[in-house]
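*Asks:* Here it is, the structure in full.
The values are calculated or read from the model by the stated rules, or taken from the named source; none is laboratory data. If you're wondering where the values come from, they're calculated on a predicted model, not measured in any experiment. Note that each Cβ is placed from the backbone with ideal geometry, even for glycine, and that neighbours are counted across all protein chains shown.
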Amino acid sequence: MSQALNPITMPLNGSSLIEASAGTGKTFNIAALFARLVLLERMPVDAILVVTFTKAATAELKTRLRTRLNQALALLQNNLPAEQNDPVLQQLIDCARSQDDDASLILRLQAAITQFDRAAVYTIHGFCQRVLTDYAFLCQTPFDTETIETDPEMLCRFAEDFWRQQVSNNSSMATLAVAYKLTPARLMQEMGRHCGMVDLQVRQPPVADIAGINNCWQQSWQSVCTHFSLIQDSFWQLHQQLNGNIYRQKSYQQLFTDLQQVMESEVNCHSFSSSVLEKCAKLASSQLQENTKKIKHSIMS
């Protein structure tokens, strides 16, 4: 059940999903939660982990967290200007006063502000770096492991290295790359769309016999060229009995036109688009049988 966020009363155990768009007070509420953990939960600042995305956001967040602690201290000492007070801060102080006296709260805030440089406010990369350093034995990583930000030039070098090792010295792979207009830059762009997926599973494909697959492809294409007229005539004879939503007339007229043009030209047959190949796959006998309309027979008595 969704409800409005109140950083002073929301439960701290378990996980909470908070939906917030730009300018809705995310940093304000994080600062309120931080102050709550210090005052109400009596946690030292170095036991609270705050993680954000960029270095700039981290610097701003540290400033806002320290400012919130200073405001809470000033309010307890009756030194906070009225324009800096707000309902959330006032509610925090009221809750804290119901648990401890002002002297204890002031002492706790002064300790937190003094030790604030030890506060664990990191970018995601920074937090990963700390874990790898502090728990090197557990992570089985070298002590000098470093995390670096994404470097487009380095990624491009990796793609070019792969190209030199797997494509440029392999005639079959090179032919496919040319047919589909693949370059190292495009390979990097295509892979980049998937690398950000948190549930991505990397599977090692079986070693493929590219030359054998290519020979099989060429033989199949030659068979299609030899029997093209028969294939086309047979399809149109059957067309009225096929599912019209799958085998649209205009779409398959265009398919046979495209195939005819490739046969009459010197265009490499590997250059077929994915849509052409999908339509060709639907010409398989199993697909045609599956998508044939059911003929209803009536029995005359």
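*Asks:* Looking at region 171-178, is at least one residue closer than 25 Å to residue 215 by Cα and modelled with pLDDT of 85 or more?
*Replies:* Looking through region 171-178, none of the residues is closer than 25 Å to residue 215 by Cα and modelled with pLDDT of 85 or more.
*Asks:* Where the second residue is of a type outside the set (Val, Ile, Thr) and assigned to a loop (DSSP other than H, G, I, E, B) and the first is assigned by TED's automatic domain parsing to the domain that holds residue 257 and under 16 Å from residue 283 (Cα atoms) and lies in region 215-232, which pairs have Cβ atoms under 8 Å and are six or more apart or on separate chains?
*Replies:* 231/283
*Asks:* Would you say residue 241 is surrounded by 12 or more Cβ atoms within 10 Å (Cβ to Cβ), closer than 30 Å to residue 283 by Cβ and not hydrophobic (A, V, I, L, M, F, W, C)?
*Replies:* So residue 241 fits the description; yes.
*Asks:* Looking at (1) surrounded by fewer than 16 Cβ atoms within 10 Å (Cβ to Cβ); (2) modelled with pLDDT of 90 or more, which is the only condition residue 6 fails?
*Replies:* If we test residue 6 against (1) surrounded by fewer than 16 Cβ atoms within 10 Å (Cβ to Cβ); (2) modelled with pLDDT of 90 or more, just (2) comes out false.
*Asks:* Can you name the helices (runs of 4 or more DSSP H) wholly within region 64-154 that have at least 3 residues being surrounded by 14 or more Cβ atoms within 10 Å (Cβ to Cβ) and of a type in the set (A, V, I, L, M)?
*Replies:* Numbers: elements: 87-97, 102-114, 124-134, 136-139.
Answer list for region 64-154: 87-97, 102-114.
*Asks:* Something else now. Restricting attention to region 35-52, does a residue exist that is in contact (Cβ under 8 Å) with a residue 24 or more places away in the chain, surrounded by fewer than 16 Cβ atoms within 10 Å (Cβ to Cβ) and on the phi > 0 side of the Ramachandran plot?
*Replies:* yes
*Asks:* Check residue 198 against each of (1) hydrophobic (A, V, I, L, M, F, W, C); (2) at pLDDT below 85; (3) part of a helix (DSSP H, G or I) and name the one condition it does not meet.
*Replies:* For residue 198, the exception is condition (3).
*Asks:* Here is a follow-up. Would you check if residue 72 is in the same structural domain as residue 32 (by TED's automatic domain parsing) and either more than 37 Å from the chain's Cα centre (by Cα) or at pLDDT 95 or above (or both)?
*Replies:* yes
*Asks:* Hey, another quick one. Looking at region 233-263 only, could you name the residues that are acidic (Asp, Glu) and either at pLDDT below 90 or within 13 Å of residue 279 (Cβ to Cβ) (or both)? Spell out how you get there, then give the answer.
*Replies:* First, the residues of region 233-263 that are acidic (Asp, Glu): 233, 258.
Answer for region 233-263, where residues must be acidic (Asp, Glu) and either at pLDDT below 90 or within 13 Å of residue 279 (Cβ to Cβ) (or both): just 258.
*Asks:* While we're on this one: Which one of these is more than 22 Å from residue 25 (Cβ to Cβ) and modelled with pLDDT under 95: 144, 86?
*Replies:* 144
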